[in-house]
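Inspection log for the structure reproduced underneath, given as structure tokens.
The values are calculated or read from the model by the stated rules, or taken from the named source; none is laboratory data. The shown structure was predicted, so the numbers you read here are calculated from the model rather than taken from an experiment. Note: ideal-geometry Cβ built from the backbone for every residue, glycine included; neighbour counts use all protein chains shown.
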Amino acid sequence: MPKKTTQRRVAADRRHGKSATSQAGEYIREVIDNVRKGKYGVKSAKQAIAIGLSKARKAGVAIGANPSEHKKSSQVRHVSHESTAKRARSTLSALRREGKAAVSHENLSKQSHNSAIRRGAASRHAAAKKAVRTRRIHHAHA
């Protein structure tokens, strides 16, 4: 269950017209904070991001569907998205056995760098141009 502060930040992002991925970033940030505090661990930065995105989807943030879920649903007609209490407990206990090194600044930086490289130069350029535009708008209203 996401914290109230996270939900408030997401609601503020939504009101300010921020993108769904920016809203989902708040949930990812919460997962990273929880891992750093030692509430549970993750095997990789990618897993921490996946957990955050899953929380965002459950909370109603309009980000795209999980590609692996999409594959499963096309193969199986009946897909239950409800998690049983037993499964939830076992998942949490498995996460508690993991470490927290995966969300170090270094590992998160490596993950985002590799992700950016996979996106390609044109995509990175477009994102940078959009960041400049939205930054100007943001500062003009401040």
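Any chance the range 103-114 includes a residue that's on the phi < 0 side of the Ramachandran plot, touching a Ser or Thr at 6+ places or on another chain (Cβ under 8 Å), of a type in the set (D, E, K, R) and at pLDDT 85 or above?
No, the range 103-114 has no match at all.
Are any residues in the range 66-96 at pLDDT below 80 and part of a loop (DSSP other than H, G, I, E, B), and if so, which ones?
Correct list: Asn66, Val76, Arg77, His78, Val79, Ser80, His81, Glu82, Ser83.
Can you find even one residue in the range 48-58 that is of a type in the set (A, V, I, L, M, F, W, C), at pLDDT 90 or above, closer than 22 Å to Asn114 by Cα and part of a loop (DSSP other than H, G, I, E, B)?
no
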